[in-house]
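Here is the structure we will look at.
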Amino acid sequence: MGTVLLLATEASGEGGFGLNFDILETNLINLIVVIGLLFYFGRGFLGNILSERRSGIEEAIKEAETRQKDAAAALAEQQQKLTQAQAEAERIRSAAEENAKKAKEAILAQAAQEVERMKATAGQELEAERERAIAQLRSAVVSMALEKVEGQLKTSLNENAQHQLIDRSIALLGG
């Protein structure tokens, strides 16, 4: 510190940097008076500004706490709604699975009934075709038998045998 004072006094002699310790010359009294007046009159003004600032900060903190509580309540409510929506979605999904299972069973049962009906229809059609084929065969056999009998009758019946056959048939009809 002594070195600084020594340098300051040497520099002041040369017209450079230096410290002036004369109180009246440095306006130290004026500076103290101005600072005192600012402190005396500015204390209330500065105190008011600081108290207003403090109350504003306290109010902002209270508002932030209120908003935080409101947000927490809204979050809890939304989480509850989400839980309810998930439960509802699960219920809908299980109901849809159950409906799909029932529809599948109904379709399978209907398909089985349709297969049985088709089998029965096919059996009936097959039986009808068989009956038709048998009837055609019988008709063909009867036609062939009649042709053969007519052919044999023409060759084996003479006129006398034909008269006897006609007379016997008339007697059977009349009698």
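The values are calculated or read from the model by the stated rules, or taken from the named source; none is laboratory data. None of the values given here were measured: they were computed from a predicted structure. FYI the Cβ positions are ideal-geometry reconstructions off the backbone, even for glycines, and counts take in every protein chain you see. For the accessible areas, the whole protein counts, side chains as well, though only heavy atoms, and no ligand, DNA or RNA atoms are used. Shrake-Rupley method; radii C 1.70, N 1.55, O 1.52, S 1.80 Å.
I need the full set of residues from segment 108-150 which are farther than 30 Å from residue 162 by Cα and acidic (Asp, Glu), in order please. Within segment 108-150, 114, 116, 125, 127, 129, 131 meet the criteria. Criterion applied to 27, 20 was being open to solvent by less than 90 Å² (accessible area, probe 1.4 Å), touching a helix residue (DSSP H, G or I) at 6+ places or on another chain (Cβ under 9 Å) and at pLDDT 65 or above, and the one residue passing it is 20. Of all residues in segment 100-158, those being under 50 Å from the mean Cα position of the chain (by Cα) and of a type in the set (Val, Ile, Thr) number 3.
Conditions (1) in contact (Cβ under 8 Å) with a residue 24 or more places away in the chain; (2) surrounded by 10 or more Cβ atoms within 10 Å (Cβ to Cβ); (3) among the small types (Gly, Ala, Ser), marked per residue:
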{"residue": "85", "(1), (2), (3)": "no, yes, yes"}
{"residue": "96", "(1), (2), (3)": "no, yes, yes"}
{"residue": "104", "(1), (2), (3)": "no, yes, no"}
{"residue": "111", "(1), (2), (3)": "no, yes, yes"}
{"residue": "144", "(1), (2), (3)": "no, yes, no"}
{"residue": "147", "(1), (2), (3)": "no, yes, no"}
{"residue": "152", "(1), (2), (3)": "no, yes, no"}
{"residue": "156", "(1), (2), (3)": "no, no, yes"}
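Within this structure, residue 43 fails the test of being open to solvent by 60 Å² or more (accessible area, probe 1.4 Å) and modelled with pLDDT of 90 or more.
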